Each structure stands twice: as C-alpha cells, then as structure tokens.
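J.: Sharing a structure with you now.
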Amino acid sequence: MSSYYSVIHVLKKSNEGDVVNLRGWVYRLRWLGGKVFIVLRDHSGIIQCVVDKDEARRFGKEISELGIEASIIIGGTVRFDKRAPGGKEIKVTELRVVGVSNNFPIKGGEGIDYLLDNRHLWIRSRRLTSIFKVKHTMLKGLREYFSSNEWWEVTPPILTMSAVEGGATLFPVDFFGRKAYLSQSAQFYLETLIFSLEKVWSVTTSFRAERSRTRRHLYEYTHLEAEAAWMGMKEMMTVVEEMVKAGVKKILDERLDELETVKRDITKLEQVLSNRFDVITYDEAVELLREKGVKIEWGEDFGADEERVLTQQFDTPIFVTMFPRKIKSFYMKVSEDNPELVYGFDLLAPEGYGEIVGGSVREDKYDTLLNRIREEELNPKDYEWYLDLRKYGSVPHSGFGLGIERMLMWISGLDHIRDATPYPRFRDRLYP
Ligand code: 4AD
Ligand code: MG
C-alpha cells in the first residue's frame, strides 16, 4: 500500500467509490453479526471502517490482533452513509495491524487521579487533542500579530540569579555549588534588550513555586512576554488588546471543529472581537465589588473570587489599572498624581476566568527604583545590572506577560488549567 490520505481529506474530498489508504489507531471497535466496525483515528479526525463478513474471515489473524489503540493500516473504498459519523465510511479491503494494543488502560469512566497517572496515554483523547490544536493556532495568531507589527522575537534564559516576582515563589537550582533559580519571568532580560531592539517579545517557560491549589495555577507555564521602549500604559494596553483579539480571531477562523469538540459556546468569543475592552481603575473595581456584596478593603489584592465577580459584569476581557503600590512589584512606575498607586494593568478574561495578563510601565529613574528595591527589603546588589539600565540612556518603557495556559483555559472553556498543557505540573504531581 502506498500514499496515505488523512481522515479529514477523505471526509472532505473523497467521492463514493474512491479507493483510499489510511493509517492510524483503533478508536472504537465492535462486532455485529460477523461484521467488524472499526473507528479509525488519526491526527485529523475519525472515520468508520467496516469489515464485511467474508473479509473478516479472510483477515482472521489481523482481526484477532485488533484492540483499542492498536495502530493499523487500512485500504478500502469510500461509501457515503448518512448514519456514519462525518457521512462517509470505508469498506475495508486491506487490513494490517502494525502495533498491537492489548487491554488499553483507559476505557472511560476512570477518575481524575488515575487519568493523570496515565497522562501519557490519556493525551490521545479527542478532547485533549482538540485543546492542543487550539493552543497551536492561538500561538500562531499571537506570533503573527508581533511579526506584522515589527516586534523582534528573542530568546531569554531560564537559569537565572534573581527574582522578578518575589523570592517566595522561586524554584532553586544547584548551579555547580552556587544557588540559581528557574526563571519566573523574562521581563528583566527583555528590558535589557529594548535598548537595542526597542520592541521585543518572547515565549519561555516560567516557573512559580506557588503552593496555591487553585484551578488556574501551574508550577510551570508558558509565558508570552513583551517589552517596548518609548511606550506608555495606554499604548501598551492597546498592544495587549490587539494581540488578544488576533489570537481569538485566528482560532475562530481555523479551529471551529475543535471548539465544538470541547463544547465551547463560540458566540462568547465572537463578542470579544466586536467590542473595545473596558478599562476600570482599581478604585472603581473595589467599588463595583462592594456593590455586588463582596467584602474588600482598599489596598487588598484581588483573588480568583473577586476577579470572578468583576468579570461577570462584562462581555469582553477588561483591564484593571492603577493598583496600590503595596500589592504590586517594585519595578512598576509610581503614579505622579498619587504615590500610593502604580501604573500597572491586568487583563481579566470574561465569564469568571480572571487574570490572563499582567503588565505595567517600568520605573525608569535610578533613585526611585533603588528606593523601591530597599522599600521591599530586597538586596540592591542582586539588581545591580537591572539598575544599570537606568544609568545608561534610560528610557520610558513598559511591558506585560500573558499566561498562555490561562488564555487557552478561557478560550476553550476549561474548568481547570491542567488540561491546557500536556503534562501539567500542579499539586504534587511530577509524573510522567
Ligand atoms: O502577573 P505576573 O506574575 O507578571 C509577571 O511575571 C511580569 N513580570 C510579566 C511581565 O510584565 N513581563 O504573570 C504574568 C501572567 C499572569 O497574568 C498569568 O496569566 C500568568 O502569567 N501566570 C500563571 N499562569 C499559570 N500558573 C501560574 N502559577 C501563573 N502565574 C502567573
Ligand atoms: Mg499578576
């Protein structure tokens, strides 16, 4: 047998009577009155393949070797059949089992812990396959946005020496007897690069040793970050809005089948494209929360619960801006009008999903930054190189970080972040 078609090709292009070859895995299998019904799965979809009585007898050995998830090669003719999923099926004339599969451990109905222990097999599921395809297309849309707006993609390190987002959530690494850490954010490295490239962005893995057992925290996640010289908060928020919309649009253009598989209501995503994202200040957000009966003091940070209530009041993602200095990082620029506030912004995804982007204007004055480092009781020695950037040609600049799995969780309508990545690191899980 030579030249194989993908399942999607057959479903979309083949005509009644065409002779085709397919290869893939046994997704479903059942015997009925001497006939064998194989649902074959490949990277593109599933199709029913029927082995008639006589053929089944002829393929005795192959038939006996068939099992769920066995890899197989099939040859046959295309038949139109309204009852078959996708409206077409294959009448099998050739069958070869390439890799047997006896007693596949996942049969359906297993509990979440069992499934996570078998993640290396579970990732073959149609649901996870669809989610990872959406992720691919989302990254493609985001990447295209940066490419077509003259941003440079760069590759910052993961092995680092200092904390960007506070010491409490650092993962230590033994660096030949010295203490190093896994990166929490590429931000400081991106900041060094804007003095030559001006507009830079990267996708790296970020690590957070946060032992919070929430639905939206991973120890290891995909972090898209951007940083630009000369940009203020408004401009950077516009970048975030256009970028998020570019990602959503790409998915609506290319991944409708997958969104259907994960049962996503796409009207919710279409709304995002047709409206401007609302902007509210932290002060306004606190007021809105109190109106909705949430007890919160001015100066407290928002958790998942507060963000859920906030985002349920809007149809699109919303920006929250101008946070209290005390709850944000030392590098955020302090407001000229009110020294208690910083020029920081978060983007909260609708339907209760909450924060997907965190960004700010960066403090660009040497003395102010040094004071902020001391105020947070950090060691200025650790930030010497970072402070240098404010000594040699400092420039107003801002940037942000987008959690790719957080955004995917929202786009795909997931109720837990674990399925937004093939091997989620959360709770105490490190296997496989
Ligand atoms: O808000 P964060 O902590 O901001 C920073 O790290 C900045 N230094 C980024 C920058 O300005 N270059 O993280 C940014 C985003 C969050 O909005 C969230 O989407 C995601 O990263 N994130 C996580 N995603 C999954 N699991 C976690 N534990 C996450 N922590 C942050
Ligand atoms: Mg944040």
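The values are calculated or read from the model by the stated rules, or taken from the named source; none is laboratory data. Model, not experiment: these values are computed from the prediction. Cβ placement follows ideal geometry from the backbone for every residue including glycine, while neighbour counts extend to all protein chains displayed. Remember, those area values only see protein heavy atoms, side chains included, never the ligands or the DNA or RNA. Shrake-Rupley method; radii C 1.70, N 1.55, O 1.52, S 1.80 Å.
J.: Tally the residues that are surrounded by fewer than 23 Cβ atoms within 10 Å (Cβ to Cβ) and either farther than 20 Å from Thr204 by Cα or within 16 Å of ligand 2 (Cβ to nearest atom) (or both), restricting the search to the range 407-432.
T.: Here the count works out to 10.
J.: Looking only at the range 222-265, how many residues end up being among the polar types (S, T, N, Q) and either without any contact (Cβ under 8 Å) to a residue 24 or more places away in the chain or assigned to a strand (DSSP E or B) (or both)?
T.: Going through the range 222-265 one residue at a time, the tally reaches 2.
J.: Which condition breaks for Ile373 when tested against (1) within 16 Å of ligand 1 (Cβ to nearest atom); (2) of a type outside the set (Phe, Trp, Tyr); (3) not assigned by TED's automatic domain parsing to the domain that holds Arg216?
T.: All conditions pass for Ile373, except number (3).
J.: Within the range 306-367, considering only strands (runs of 3 or more DSSP E) that don't extend past its boundaries, which have at least 1 residues that are modelled with pLDDT of 95 or more, at positive phi and in the same structural domain as Met231 (by TED's automatic domain parsing)?
T.: Values: elements: 318-324, 341-349, 354-361.
Per the criteria, 318-324, 354-361.
J.: Name every residue in the range 216-233 that is open to solvent by less than 30 Å² (accessible area, probe 1.4 Å) and away from ligand 2 (no atom under 16 Å from the Cβ), in order of residue number.
T.: Passing the criteria: Ala228, Ala229, Met231, Gly232.
J.: I've got another one for you. When the range 83-92 is examined, which residues are found to be open to solvent by 30 Å² or more (accessible area, probe 1.4 Å) and under 36 Å from the mean Cα position of the chain (by Cα)? I'd like the intermediate steps shown before the answer.
T.: Of all residues in the range 83-92, those open to solvent by 30 Å² or more (accessible area, probe 1.4 Å) come to 83, 85-86, 91.
Passing the criteria: Arg83, Pro85, Gly86.
J.: Take the range 85-135 and flag every residue that is touching a Gly at 6+ places or on another chain (Cβ under 9 Å) and at positive phi.
T.: Scanning the range 85-135 gives Gly86, Asn103.
J.: Give the residue, chosen from Gly75, Gly141, that is in contact (Cβ under 8 Å) with a residue 60 or more places away in the chain, open to solvent by less than 50 Å² (accessible area, probe 1.4 Å) and part of a strand (DSSP E or B).
T.: Values: Gly141 fails: part of a strand (DSSP E or B).
Going through Gly75, Gly141 in turn, the sole match is Gly75.
J.: Evaluate the following for Leu402: is it within 9 Å of ligand 1 (Cβ to nearest atom), open to solvent by less than 10 Å² (accessible area, probe 1.4 Å), touching a His at 6+ places or on another chain (Cβ under 9 Å) and part of a strand (DSSP E or B)? Full working, then the answer.
T.: Numbers: within 9 Å of ligand 1 (Cβ to nearest atom): yes; open to solvent by less than 10 Å² (accessible area, probe 1.4 Å): yes; touching a His at 6+ places or on another chain (Cβ under 9 Å): yes; part of a strand (DSSP E or B): yes.
Taking the combined requirement at face value, the residue satisfies it.
J.: Sticking with this structure for a sec: Only one of these is away from ligand 2 (no atom under 16 Å from the Cβ), in contact (Cβ under 8 Å) with a residue 24 or more places away in the chain and in contact with a helix residue (DSSP H, G or I) (Cβ under 9 Å, 6 or more places away or on another chain): Pro380, Pro350. Name it.
T.: Pro350
J.: Output yes when any residue across the range 4-15 is closer than 19 Å to Arg96 by Cβ and open to solvent by 50 Å² or more (accessible area, probe 1.4 Å), and no when none is.
T.: Within the range 4-15, one or more residues are closer than 19 Å to Arg96 by Cβ and open to solvent by 50 Å² or more (accessible area, probe 1.4 Å).
J.: Oh, and also: Within the range 306-314, can one find any residue that is over 23 Å from Thr238 (Cα atoms) and acidic (Asp, Glu)?
T.: Yes.
J.: Among (1) exposed (fewer than 14 other Cβ atoms within 10 Å of the Cβ); (2) modelled with pLDDT under 95, which single condition is Gly111 missing?
T.: (2)
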